[in-house]
Amino acid sequence: MKTTTPQIVSLSAIREKFDLSAYDVISNLDKGDVIFFDGDTHIDGHLNLDYTDSIHQEARLVFVNGNLIVAGDIAIRDYRPWLLVTGNVTCDVLYSGDNTTYINGDANVKYAYYGYYNDGSITVEGTTYVPYVLNSDHHSDITPEGAVLINLYSDDNDFFEYDYTSEELESKLVKAALDKSGMPDGWKFIEVLKAGKSPFLKNARPAKKENEEEIAKIAEGDTTAITELDLTDKKLKAFPLSLIKLTNLRKLILNDNDIEELPEEISSLTNLEELSLYGCKLKALPSSIGALKQLHTLNISSNFNLRTFPESIVNLTSLKVLKADHVSLELPATFKLPPNLEEISLYGAYRDRSNAADFPEAMLSLQHLKVLDLRDNYFKELPTSLEQVQSLEAFMWTGSNTDSDQFPDFTKFTHLKKLVISRKLLSWKEEVFDIPSLEYLVIDRNSEQKEYFDQTTADIWLEMMEEDPAQYGHLKKIIANKKLEADGRFSYILNPGVTPEDIQHINKLPKLKYLDLSFNKLPYLPDTIYELKVLEYIDLRYNSFSEEEQAKIAANLPGVQVIFND
């Protein structure tokens, strides 16, 4: 093939002749020299840094205005020069690392494409014809055809729907494709290919293929004998319809699969008691789910696009436990939840700190609710009408806040046994010790917290207050109460921390068995704590007890498991 001779031209000269804006990020180059091939080009050997340095060491771009054939690898393992080809590319290995590559046509690659690390990027506008794609956290905007897709970095489908991911790959490759520590190595994988051998062990197959065969085998066997099935992280892209045959199934776990919807046929699993769909990318639940009359536990946590339930969910009269952590359900007061629910977990479900959520008032009609986990949420208010749920036995509120001054009176919950209010003792201390039914109390992480700032920051804050007092008026209190520290900075107490006096009324909780006081930096415990006659466990890690105080605590709490270790 006749080739062109490289020219060294300035980037500005290239811009005068070509519209680089058509080539995405390549247009971001602002200066420097270009190794320019004006026409179809053949390189006899590797196109790498040694090759480009032999022409011009300071080149910022290799620009081929035509097709490029490389009798070797394209592997520029540095941040420069970038590569732009207006036509098609043919090579043995196409490597993309720290630099930027843009191919306007097709890429015909003999052995493998290898994308490594996340600093650079590659774009192939046409099709990439290649037997193997190896990607390691690299921005790879290519459309491979006929390739085995391999993620060397993680188990996620980041840029492709991978055949193999890092979790399974180690057990599927021959030793020659692994590094000294036994981990998959991209370049060693390619060396095996170039030697004319397969990098894979005999009979190795992608895990998702093995999983499909496993599920098919289950469905072809004695379907009445299977009562429990765990298909966690089986690379499923849809609910396997063959599972509908398992009519005696009582427990089905489908966690961490890309299942966006359940089939209406799920109603056939009439004996199902537990269904776990954690992290399945669900967008909705079918109305037929209401036919699962035996279902007592439903886990839909971390399905971030799920917003509501079908009305038929009220028919799940056996449902006791609903786990919906990190799911922003919209449940107005008129919505009917399963009437016999006893436990609801909504950890982190409404955590947008810029937009307070409406409280899911549908829960207020539940007459059997015992456990309510609302940690790490932000509501407009926690309605006082929650007090009507007198069945409540456990309440978790750590990390949550409201915009309202109104709050339920928890002393009215006469059956409350468990209360988790980490970092919130000071705002609860007037009532927490007046809940005599408590058996389990977590009031940890209430140590003093300070914010530090210097004079320059204080001056900036003053200017901000003058410009927008409505938005920054709160800074006035911080500046007015600042304290000079030994290092010359100022400090402001965000949280004053708790003292032994703040917990002196703990003896009003005669049923207390479990107490967490860790991370409070208490210098000693009030003597009233020794009046807790049924106490079994106390966590005192990360406090400021002297050895003498620790000895006193241990002596006064015989038979109690006391945890001091930091």
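General remarks:
- Cross-link reach is defined here as a Cα-Cα straight distance under 19 Å, omitting same-chain residues fewer than 8 places apart; for residue 31 the lysines meeting it are 17.
- Theoretical FRET efficiency, 1/(1+(r/R0)^6), r = Cβ-Cβ of residue 78 and residue 480, R0 56 Å, to 0.05: 0.50
- Partner aspartates and glutamates whose Cα lies under 14 Å from the Cα of residue 175, excluding those fewer than 8 positions away in the same chain, are identified as 185, 191.
- Sequence-separation-based contact order of region 426-566, relative, with Cα cut under 8 Å and 6+ spacing, percent: 27 percent
- Pairwise FRET efficiency - residue 541 versus residue 284, Cβ, R0 = 60 Å, nearest 0.05: 0.85
- Largest first and in whole Å, the equivalent-ellipsoid semi-axes of region 445-526 read 37, 15, 9, each the square root of five times a Cα gyration tensor eigenvalue.
- For the pair residue 214 and residue 195 in one chain, pulling the backbone fully straight at 0.36 nm per residue adds 3.5 nm over the alpha carbon distance.
- Counted by neighbouring Cβ atoms within 10 Å, the residues 133, 321 run from fewest to most as 321, 133.
- Of the residues 33, 158, the one with the fewest other Cβ atoms within 10 Å heads the list, and the complete ranking is 158, 33.
- Alpha-carbon centroids, region 70-101 and region 185-220: separation in whole Å: 28 Å
- Counting DSSP beta bridges with both ends in region 7-169, the antiparallel % (nearest 5): 10 percent
- Computed lengthening from residue 38 to residue 407, 0.36 nm per intervening residue step minus Cα-Cα distance: 125.4 nm
- Nitroxide proxy distance, nm - points 7 Å out along Cα→Cβ at residue 554 and residue 464: 4.8 nm
- For region 521-545 versus region 323-345, the inter-centroid distance based on Cα atoms is 37 Å.
- Rounded D (µm²/s) - region 223-423, Kirkwood Rh over Cα pairs, Stokes-Einstein at 25 °C, 0.890 mPa s: 140 µm²/s
- Antiparallel bridge percentage (DSSP; both residues within the chain; nearest 5): 15 percent
- Cα shape, region 7-169, gyration tensor, a/c 1.5 rule: prolate
- Residue 314-residue 265 FRET efficiency (beta carbon distance; Förster radius 22 Å; 0.05 resolution): 0.60
- Cross-link pairs beyond the 25 Å C-alpha cut-off, checked among 188/234; 110/180; 251/513; 424/477: 188/234; 110/180; 251/513
- Global form of region 253-314, assessed from the alpha-carbon gyration tensor, a/c cut-off 1.5: prolate
- Spin-label model distance (nm) - residue 561 vs residue 233, 7 Å beyond Cα toward Cβ: 2.8 nm
- Between residue 494 and residue 98, the simple spin-label model (points 7 angstrom out along Cα→Cβ) gives 3.7 nm.
- Relative contact order, percent, the chain [alpha-carbon distance under 8 Å, six or more residues apart]: 4 percent
- Residue order, fewest to most beta carbons within 10 Å, for 414, 398: 414, 398
- Distances between every pair of Cα atoms in region 449-495, grouped in 5 Å steps from 0 to the bin holding the largest one, split as 5, 23, 31, 24, 13, 4, 1 percent.
- Loop sites in region 117-149: chymotrypsin sites (Phe, Trp or Tyr not before Pro), DSSP, at most 15 other Cβ within 10 Å: 117
- Over the chain - Rg/Rh using Cα atoms and the Kirkwood inverse-distance radius: 1.09
- 3J(HN,Hα) along region 226-236: 8, 10, 9, 8, 10, 10, 4, 6, 9, 6, 6 Hz, from the Karplus curve 6.51 cos²θ - 1.76 cosθ + 1.60 with θ = phi - 60°, whole Hz, x for Gly and Pro.
- Helices in the chain, meaning DSSP H runs of at least 4 residues, each add -39500 (n - 2.57). Divided by all residues, the mean residue ellipticity at 222 nm is -3500 deg cm²/dmol.
- Amide N of region 59-85 lying under 17 Å from the label point, which is placed 7 angstrom from the Cα of residue 4 along Cα→Cβ: 60-70, 82-85
- Shape call, region 128-215: gyration tensor on alpha carbons, a/c limit 1.5: rounded
Any read-out appearing in this document is the output of simple, stated calculations on the displayed coordinates, not a laboratory observation. Note that the structure is predicted; figures quoted are calculated from it, not measured. Heads up, the Cβs are rebuilt from the backbone with ideal geometry, glycines too, and the neighbour counts pull from every protein chain shown.
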